[in-house]
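For reference, the structure discussed in these notes is given below.
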Amino acid sequence: MADLRLNRPRTGGGWWWLAVALAGALVIALTAELGWWFVPFLAGLAVGLVARGRGGRRRHPVPAVLVMTLVGWGVPLYWPALVQGQPAGATARVIAALAGLPPYAVTGVLVTLLVAVLQALVGLWLGRALTPRAPSR
Amino acid sequence: MRNVRGRRGLRRAVNAGFALIVSGLLLYVLAAGYGTIPPLGAALDPGRGAWTSAAGGQTASAQTLSLTGLQHPVAVSFSAQGVPSIQAATDHDAYLALGYLQARYRLAEMDSERRLGEGRLAQLAGPSQLSSDEFELRLGLLRTAQREWAATPRSSAAGQALLSFSQGVNDDIAQVRASGHWPAEFSLARVYPSTWTPVDSLVIQGVLTEELDFTTTPLDYALLEKSLGAQRTMAWFPVQPPNRQSPFNPGPYRHPGLTPVAADLASSVAPVGTDAAATASPAPSDPFRSSQPISTATGTAAGDLLAQVGRLPAGVVHTEPDSNAWAANGPLVDGHGAMLAGDPHLPQTLPSIWYQAALSAPGLQVSGVTVPGVPGVLIGHNQHIGWSLTDTQNQATLFYAEQTSKSHPDQYYWRGAWRPMTDVHYTIPVRGAATRQLTVHITVHGPIMTQAGQTMAVDWMGNVPSPDLAALIGINRAANFTQFKTALAGWYAPVQNFVYADDQGHIGEISAGYYPQVSHGDPWLPLTGTGADDIDGVIPYAAEPQIYDPPGHVIATANQRPVDPSYPYYIGTSENFFDNSFRANQIYAVLRGRSGLNPAAFQALQGNVTDNLAQAFVPRLVTALRQSEAQSGGLSSDQQQALNLLANWDDSMTTGSAAASVWWTFWGDYISAAFSPWWTSAHVPVSKDSAGLALSSWPTSLTEDLAAWTAGGGPSGTLSPFALPSGRTRTAAQVMRQAFTTAVAHLASKLGGSPSAWTWGRLHTREFPSLTGATGLGYGPRASSGDAWTVDAAEGGLNSDTGPSWRMVVDFSAGASARGATGGGAGPALAEGVYPGGQSENPTSPWYDDLIGYWWDDRLLPMPAAGSAAGSVRWTLRPPGSSAAMAVGRG
């Protein structure tokens, strides 16, 4: 029994984390449309709580929150451009310029995604910090 | 073991604590912002933040919109460049639709302008704009607008237009609030526009008045007198300019006395210091009388006030004399009739100060440019008349040194008694800092602008409630010069040269507005506030500069002094702040005696880059340099080549001209060579107002002095600029040689290579900056022709940001019909115009800067005729209930 318990993966493998990332991305994307900008933080927090509680390795949760936030905010950024032909690149450039940053589209996109990623990583950190470590193998 | 677990537990607790603190801080900053950093979480949210402004980057398409307040459906059609033609069944609907469209395409600009005038910039931009807010609240644009609205009958045409227009703006704000698709400026700052009111429109009218009419030149005169002395100051900055000028109204003149100005109109509040409140008292010793030298206290006050002005956003106070408008008729015009051209020179920004539109309603058929935030067409045409404006630039700002005493706190001495000041209190919200309280003290002269050294009040005609909108509506509807003139009788500020042409072949001009007159004291200096130097009245309307169907068949205004020295009223000095007439001289030189003028000729003249001063001066310079070389030799190879360039130059400031660079650099060095020894010797306090006192700013008077005195004449002895403080004398030729040597050295150092490669385009550019101040959202810098004195003016330095902000040609001539031109409806046979920018303020919109190419190439576009479709994109605006509202993106 003890051997079996030791050999069972505690947090699932890469596919499990991918599923978590995509589900999180969907939630983040949908709530962004409601103006719930703080959801990346909550998503990171949730991942942190789950990952620590399940004793998962750090190499999975971090890429997972990166994927969920980059997709979760990245898709809504470009969705109007893809569907309605709105000028996403030009808007990104304008946002960067108005923010006093170098007036390039990539700057606007990076700053926006940085806001999401920062939230998610800090949420992940908090989730892990608040959760007791699962019994070591 | 227990210690190890304890240490791990402590580490976990510390880690959790840090994580909590960092999470809290991050979320707080993202939610609430920090200092001037906006709440970036919501601002950058992809679904609701600034990204939603992308919707405005799409091309406009057919829409039906429901607008609250409409009485009947309104048809709007757009030209390919986004210029709307509004067809409404009532004036109310026309102005409502205009308000809606302006807000739809310029809401951020409109909100920014009203914030400027109402002292609310710091709420948006933080402490950096607090000084501007305090200045504007002291000056009183908001108080004046409130008084104007209070004095506007709600049932009057102006009252109705303001209410309808405000409704249209608020319809747009409501739509945007519902959709969440704010312009990025709002989404990023998370500060949103409040409900639009008629007072907001009147504040924007006040901002424009300030930009055109408020001057600080008396403060500069005070500092000049204090450093250079009164005699030298008035010799070098005289009331009447010494150079050749082209007044469009050469007289004869009449002096029918003065029109009294109601007591409460001379200040920015209701009458203060009433007799009931006054305390009779013997006159205190008056430390300031205009017959006495400028005191140190006055100099300190002037310096403080100039520093306040220096901290205002660029362009708020007018420093450049500019704008052209001319009209011709009769035998000069192809097929006779009348033609009009106008190009007001203002800061060239993206978005532009203008929003172009055509309005049609019963009795209202007008097309032209509007000011975002203000109903009515400011420059344009209707079926019968066309008009354009230039700034008259008379002195409309008087400064008063108020007599105060510690034994009479909060009082000032005026007309034999101590009077209480009126206090007005303001609360200024400041982003990222504590709210600021401001108390403005007001005397009978106007608001106290500084108490540094000397208590100084300003009596500015822009603070006189001026029913400009009523006048504008009258102009929009006028069918002849009589109606045009009648409408302008109610225009007080800013004083403008209204140039006119009509379909009956008449042309005219009226420089309408208030010209304050004092019977005692020198108005170009700060005046005493004791009452002796108060304004006695203004020039009667009938005696203001004006002209109708002149015998020469041409009228040209280019901000030159409109009248000659025999005009019997004071209108300002050479430095305060008329143009030096070089542009007017050039326009008259091109138009006088011509025949067969057509729109193409007018258009070509708008793009004329001949430097009129160079035309008159360069031959003299070349002669002086050749004589100098013959006498003393010593021209270097570069100097010889530069001299040859000048000798063979056609005086055109084209980008490819190397002679243009030599000329322009020479003139700056000539001013410096002539006057800098005196500036240094007298310690002229240039740092207090570099825009007005520095020789590098090329004061208008000094250029006029050198233009005239180089040819001979001018003050002699130690008052001659060619003398030196040491007593040594120089000739004009010697100073020219010195300046030429310096100029060639400057150019060689800056541009290198051979003088033939020193082309003007390498030295001179134009730039249209973004109104937001954001780099990357403007246009340029781009190599450009023209200079500050060419008809196609480029002002603001070697990287010019001021110039023709709108070019228009209106042709009422019979020849137009013969040429097959058609305006597409009732009105002039041909009306064209363009401004450097675009109809939308959204940088992602195709209508953001699409007009610049036309402007740059001196091409004009047909102005939509009122009452006819401007293009194929059509909107229908309906009253609520008659059609469903549609979710719309912003252009």
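Tabulated values for the structure
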item	result
Taking all pairs of distinct alpha-carbon atoms in region B:81-184, Kirkwood radius in angstrom	15.4
Approximate spin-label separation B:Leu438-B:Ser687, in nm, with each point projected 7 Å along Cα-to-Cβ	2.6
Longest to shortest principal axis, alpha-carbon extents of region B:328-452, angstrom	74, 44, 32
Solvent-accessible heavy-atom area per residue, rounded to whole Å², over region A:14-130 at 1.4 Å	45
Mean Kyte hydropathy of -1.0 or more with a Cα span along the axis of at least 18 Å, helices from DSSP in chain B	B:2-32, B:91-118, B:157-179, B:198-213, B:296-310, B:612-632, B:658-682, B:732-751
Protein heavy-atom accessible area occluded, B/A pair - total, 1.4 Å probe, Å²	3100
Of the trypsin sites (Lys or Arg not before Pro) in region B:126-171, those whose Cβ has at most 11 other Cβ within 10 Å and which sit in DSSP loop	B:Arg154
Additional length obtainable on full extension of the chain from B:Arg311 to B:Arg154, 0.36 nm per residue less Cα span	52.8 nm
Ranked by how many other beta carbons lie within 10 Å on average, peptides B:595-601, B:577-583, B:789-795 from highest	B:577-583, B:789-795, B:595-601
At 0.692 mPa s and 37 °C, Stokes diffusion of chain B via Kirkwood alpha-carbon radius, µm² per second	113
Test item: A:28-38 mean partner chain Cβ contacts at 10 Å	5
Stokes-Einstein D in µm²/s, Kirkwood radius over Cα pairs - region B:516-622 at 4 °C with 1.567 mPa s viscosity	76
Charged-residue dipole, Cβ positions (Lys, Arg, Asp, Glu), the protein assembly as shown about Cα centre, Debye nearest 20	6100
Inverse mean reciprocal Cα-Cα distance (Kirkwood Rh) of the protein assembly as shown, Å	31.5
FRET E, pair B:Thr300, B:Leu719, Förster distance 25 Å, beta-carbon r, rounded to 0.05	0.35
Cut-off under 5 Å, modelled amide H: who pairs with B:Ala338 long-range	B:Gly505, B:Phe812, B:Ser813, B:Ala814
Residues in region B:839-854 that, when all protein chains are in place, have 10 Å² or more less accessible area than the chain alone would give (probe 1.4 Å)	B:Pro843, B:Thr844
Enclosed volume per residue, in Å³, of the convex hull spanned by Cα atoms of region B:663-738	88
Length released on extending from B:Ser726 to B:His72, taking residue separation times 0.36 nm less the Cα-Cα span	227.6 nm
Per-residue average of Cβ from other chains inside 10 Å of A:93-106	6
Projected-area average for region B:198-258 over all orientations - Cα convex hull basis, square nanometres	7.8
Normalised convex hull volume, region A:14-130, alpha-carbon set, Å³ per residue	102
Dipole magnitude of region A:14-130 about its Cα centre (Cβ charges: Lys, Arg +1; Asp, Glu -1), debye to nearest 20	520
Label point distance in nm, B:Arg177-B:Ser61, each placed 7 Å from Cα along Cα→Cβ	2.9
Gain upon complete extension [B:Ala489, B:Ala31; 0.36 nm per residue less C-alpha separation]	159.5 nm
Packing-based ranking, highest mean first, of B:435-445, B:342-352 given that Cβ atoms within 10 Å are counted	B:342-352, B:435-445
Taking chain B and dividing mean pair separation by its residue count, relative contact order in percent (alpha carbons under 8 Å, at least six apart)	21
Accessible carbon and sulfur surface of the protein assembly as shown relative to its total accessible area, %, 1.4 Å	57
Neighbouring partner chain Cβ atoms per residue of A:79-87, average, 10 Å criterion	5
Derived scalar couplings ³J(HN,Hα) [region B:555-570; Karplus, 6.51 cos²θ - 1.76 cosθ + 1.60; whole Hz; x for Gly, Pro]	10, 9, 10, 9, 6, 6, 4, x, 10, 8, x, 7, 4, x, 10, 7
FRET efficiency, 1/(1 + (r/R0)^6) with R0 56 Å, evaluated for B:Arg11 and B:Thr427 via beta carbons	0.65
Value at 222 nm in deg cm²/dmol, rounded to 500, when DSSP H runs of n ≥ 4 in chain B each add -39,500 (n - 2.57)	-11000 deg cm²/dmol
Residues of region B:7-35 with amide N under 19 Å of a point placed 7 Å along Cα→Cβ from A:Leu34	B:31
Volume in Å³ per residue [convex hull over Cα atoms, computed for region B:557-670]	163
Mean accessible surface per residue for region B:537-587, computed with a 1.4 Å probe while every protein chain stays in place, in Å²	21
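The values are calculated or read from the model by the stated rules, or taken from the named source; none is laboratory data. Note that the structure is predicted; figures quoted are calculated from it, not measured. In this analysis, Cβ positions are derived from the backbone assuming ideal geometry, glycine residues included, and neighbour counts consider all displayed protein chains. The accessibility values were calculated without ligands, DNA or RNA, using every heavy atom of the protein model including side chains. Shrake-Rupley method; radii C 1.70, N 1.55, O 1.52, S 1.80 Å.
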